[in-house]
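The block underneath contains the structure these notes are about, expressed in structure tokens.
Read-outs throughout are calculated quantities, based only on the coordinates presented, and are distinct from any laboratory measurement. Model, not experiment: these values are computed from the prediction. Here Cβ is always computed from backbone atoms with ideal geometry, including for glycine, and neighbour counts include all displayed protein chains.
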Amino acid sequence: MKIQFFGRWMYNHSGFATGTSMSILQRFWLLKKRYSTNCCRLRNLTFWKEAGEGETVKGKQLSLRTVLIMLVVAVVGASLLMTDVLINHAVGNNILEEQEGKGQTFAKLIAKEERVIAGLEANDAASVQEYAERVRETSGLLFVVVMDMNAVRYSHPDESLIGERFIGEDEGPALNGETYSSVAEGTLSQSLRSFAPVYSRDGEQIGAVAVGDSIESIDELLSDNHGIILTSSLFGLTIGITGAVLIAAYVRRILHGQEPRNIARTFEERNRMLQSVREGIIAVDQEGVVTLVNESGRRLLEGAGLDQDPVGIKAVDFLPETGLHRVLETGEAELDEELRLERMTLLINRVPLTVGEEVVGAISTFRDKTEINALAEQLTGVKVYSEALRAQSHEMKNKLHVILGMLHTEAYEELQDYIHELTELESPATHTALKQFADPVLSGFMHGKLSYTREKQVQMEVVCPSVIPAPVDPQMNHHLITIAGNLIDNAVEAVQQQETRMIRVMFRIKEKELLLEVGDNGSGLSEEDQEKLFMKGYSTKGADRGYGLYLVWSTVQDCSGTISIDTLREHGTTVIVTLPYESQEEKR
């Protein structure tokens, strides 16, 4: 066998290190093969197919918990496997280097021993053999061989081989004065050999020493160390699996037991719901940055002249009037607030988003107040009409009962007087005033209010100095019904504690304005009540009140009108409303 030297180690022509090195490389090759196989298996494992949503692996969907455990175990396993390979390689090299250094140290010490030098000079193999065997038995080496410059043995564990030439073909450099280690197979077995030259007292090389350690003993050391490393790796893998299970459980808990596909589906459903509602929606995060605006919100904002995309911008920079920053600071909801923009007025609600006790964001819903006002005014008109009809029906039913009773008793003269009294119930001025309304809707409304006040035992006087022509905009009728209806209702309630209950309502056209006055002979208003009179929800009559006068004020503001109050304690209150009014006669 021909040996080639590469650095400190020798390799044969097969490309593998001989002896122990071959054993180590074989181990590495086997581990590498297993690692490559496992990697291929991991690469071939498919969690989802690309065909579409809800695909399965072998007909069964993998849960997030399973996927997380598999991924974590795969990563931990691959990491530990690579670590095992690298550590085993490093430990193997360290052991071999340690054995190499140990062998060279023994070889150098033996080469400097006087008995070895003297035995070589005197050609006394017996003394050299005795010393070499004692050293071998004490150190546990496989062999200690002393040779002369012709590579003839002076010592050997097998005494029959003393005097024969050294076998291994790796002693050449030692006979040329070098100290080194190599792996080769001799008469005993494959071994790790360390060589050192032997010099005479005159400094002339007279031979060499070769000490060897069995490859099997080195393999045992490597196996012991590899067993420890493998045990540690298995322990690490166990911890990794446990950690994977705990991580999967934690992720599942924070996802409330939902799978990612279910979360994605729920998110899509919620998103479509947000986009489908007619109300505008704006959501901000904890920093006040806009994170969501639905389609209706974008449409309303564009209608108000705000064309910029607000997503990613702080709400206070985009539209300071939104008030969302205030909700984030206070954590309190703000409901049914008005937001007046350049082109429209929005009715807006602001609500904080809380997780536990922490405010993590805020959401605002808003809608064009014009639409809400139109609906509210329609409902108000219907309510007024129904109340008027109910009052008239109730009043007429009572009168008919009286008439029926008189007929049964044959009190014809009293019946005649009673009917005459009914026909003269309305004052001539009020009767004339009701004929001044050109619009039948407004006229019918005032007749209904007269019936309502009579039912409440309140005397209402209606004054119209001139004809009130029909308005060009039909919405104006709804505005007038809202304003006049709520003011009359409020006046009726104000006089309930008076002995004589009187209300005076006046309509008057002045140039292009309509003047409406509603007065009562109630107890009047204090200064505090006057300041809060038109505030939403404020009332001196108890809870769940205070919306009628607020609606009056809002309607007047929407019509660009004015409203004022003239009140005197114990002498009553008069509310004066002025509205821009364009009649159909002026249009002609």
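Return the subset of Lys512/Lys532; Lys435/Lys510; Lys397/Lys456 for which the Cα-Cα distance in this structure is over 23 Å, preserving the input order. With Cα atoms farther than 23 Å apart: Lys512/Lys532. Estimated from the Cβ-Cβ distance and a Förster radius of 25 angstrom, the FRET efficiency linking Met344 and Ala470 is about 0.35. With the gyration tensor restricted to C-alpha atoms of the range 426-586, the semi-axes of the equivalent ellipsoid amount to 25, 19, 13 Å, longest first.
Once the C-beta distance of Arg272 and Glu582 is scaled by a Förster radius of 45 Å, the resulting FRET efficiency is 0.50 to the nearest 0.05.
Largest first, the extents of the alpha carbon coordinates of the range 278-367 on the three principal axes equal 38, 26, 22 Å. Label sites at Glu169 and Arg201, each approximated as a point 7 angstrom past Cα along Cα to Cβ, lie 4.0 nm apart.
Stretching Glu410 away from Glu287 to a fully extended chain increases their span by 35.8 nm, per 0.36 nm per residue minus the current alpha-carbon distance.
Each Lys or Arg adds one and each Asp or Glu subtracts one; over the other residues with Cβ under 13 Å from the Cβ of Arg272, this totals -1. What distance in nm separates the two pseudo spin-label positions at Tyr547 and Thr179, each 7 Å out from Cα along the beta-carbon direction? Here the modelled spin labels are 10.5 nm apart. Relative contact order, whole percent, for the range 469-557 stands at 27, derived from Cα pairs under 8 Å and 6 or more residues apart.
Any chance you could run the full-extension gain for Val73 through Val402? It's 0.36 nm times the residue separation minus the Cα-Cα distance, nm to one decimal.
Length gained, Val73 through Val402: 108.9 nm.
Seen from all directions on average, the range 478-569 presents a Cα convex hull projection of 6.3 nm².
The value given for the range 62-257 is a Kirkwood hydrodynamic radius of 19.8 Å, derived from the mean inverse Cα-Cα separation.
For the range 62-93, backbone nitrogen atoms closer than 11 Å to the point 7 Å from Phe235 Cα along Cα-to-C-beta are found at no residue.
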